[in-house]
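The values are calculated or read from the model by the stated rules, or taken from the named source; none is laboratory data. The shown structure was predicted, so the numbers you read here are calculated from the model rather than taken from an experiment. No Cβ is skipped: glycine too gets one built from the backbone with ideal geometry, and neighbour counts run over all protein chains shown.
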2 protein chains.
Amino acid sequence: MSAKDKFHEVVKLALEKDGWTITDDPLYITVGTVQMRIDLGAEKLLAAEKDGEKIAVEIKSFLKASAITDFHVALGQFLNYRTGLREKDPERKLYLAVDIITYNDFFILPFTQLQIQEYKLKLVIYDTDTEEIVRWIS
Amino acid sequence: MSAKDKFHEVVKLALEKDGWTITDDPLYITVGTVQMRIDLGAEKLLAAEKDGEKIAVEIKSFLKASAITDFHVALGQFLNYRTGLREKDPERKLYLAVDIITYNDFFILPFTQLQIQEYKLKLVIYDTDTEEIVRWIS
């Protein structure tokens with residue numbers, strides 16, 4: 001299994017442990033002639049609500065030598081997918097899934113924090129060892 | 001010469017024909033420990049101004065099978081570089097260089113136009129045949 005696929009499986013498992021049901025793997029959204037492919041769609045049914053909470057999750061493995069190169073792609077994907085979802089599936093919230101090591105190495109840097117604030121990125125941090133969600137950042 | 005390098009040379013030549021002096025190839029910006037590499041820096045000296053006009057240009061060749069995949073990268077790079085420049089070289093304006101064929105195929109689509117407006121992307125459109133700048137979009 002490729003490293004990328006391994007991260008994908010870990011995030012699926014971690015979300016399921018957190019009470020989410022994976023509904024789409026991948027989740028496609030199409031705006032006009034532009035088709036986009038988000039890694040996962042998931043839903044959590046809450047007793048108090050008629051409709052469940054819906055999320056889309058883009059999983060980044062940050063395997064490149066330079067984290068900023070991976071972050072260019074992650075930021076672009078996030079903002080394109082968020083606009084796509086706003087047009088086609090506005091109830092669904094988009095999260096970028098990042099492993100805790102990458103988060104602590106790169107996402108806490110002042111530059112990255114500046115971009116997270118400026119572009120209102122939502123993150124879900126996971127641990128590849130315990131295969132659990134560590135933190136949701138909205 | 002790779003297709004990517006060819007586009008790079010075409011844009012340099014087209015900018016020079018348009019009166020720009022290439023000052024950086026590439027242009028590096030560093031924010032904290034994050035180093036970014038923008039394809040070109042250029043300057044145009046205008047008689048009426050004491051200081052010249054300064055730009056940074058990121059050249060996208062859109063060689064991938066799926067234009068949206070290239071656009072994810074282009075959008076992420078643009079927004080990261082723009083924040084980097086705002087922090088470190090605020091007088092310099094950032095442009096995304098796109099060839100006219102890619103512009104007419106993909107950038108005029110409603111989704112792409114929506115993102116250009118939302119994220120205030122500046123574009124410089126060039127023609128690979130005439131090796132000239134066709135249009136500046138700010």
Is it the case that the stretch A:110-120 has a residue that's closer than 20 Å to B:V73 by Cβ, modelled with pLDDT of 95 or more and among the acidic types (D, E)? yes
Among strands (runs of 3 or more DSSP E) entirely within the stretch A:59-138, at least 2 residues that are within 14 Å of chain B (Cβ to nearest Cβ) occur in A:93-99
So, in the stretch A:87-122, of the ones that are in contact with a strand residue (DSSP E or B) (Cβ under 9 Å, 6 or more places away or on another chain) and of a type in the set (K, R), which residue ends up surrounded by the fewest Cβ atoms within 10 Å (Cβ to Cβ)? A:K88
Options A:K17, A:K12: the member that is within 20 Å of A:Q77 (Cα to Cα) and among the charged types (D, E, K, R): A:K12
Among the residues in the stretch A:10-21, are any buried (at least 22 other Cβ atoms within 10 Å of the Cβ), within 14 Å of chain B (Cβ to nearest Cβ) and in contact (Cβ under 8 Å) with a residue 24 or more places away in the chain? no
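Conditions tested, residue by residue: (1) without any contact (Cβ under 8 Å) to a residue 60 or more places away in the chain; (2) more than 19 Å from B:I101 (Cα to Cα); (3) of a type in the set (F, W, Y); (4) buried (at least 20 other Cβ atoms within 10 Å of the Cβ).
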position: B:R37; (1), (2), (3), (4): yes, yes, no, no
position: B:L46; (1), (2), (3), (4): yes, yes, no, no
position: B:A56; (1), (2), (3), (4): yes, yes, no, yes
position: B:S66; (1), (2), (3), (4): yes, no, no, no
position: B:F71; (1), (2), (3), (4): yes, no, yes, yes
position: B:L75; (1), (2), (3), (4): yes, no, no, yes
position: B:N80; (1), (2), (3), (4): yes, yes, no, yes
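Looking at B:T30, B:T128, B:T102, which one is more than 19 Å from B:K6 (Cα to Cα) and over 13 Å from the mean Cα position of the chain (by Cα)?
That would be B:T30, the only listed residue that is more than 19 Å from B:K6 (Cα to Cα) and over 13 Å from the mean Cα position of the chain (by Cα).
So, B:L85, is that one farther than 23 Å from B:T23 by Cβ and not aromatic (F, W, Y) or not?
no
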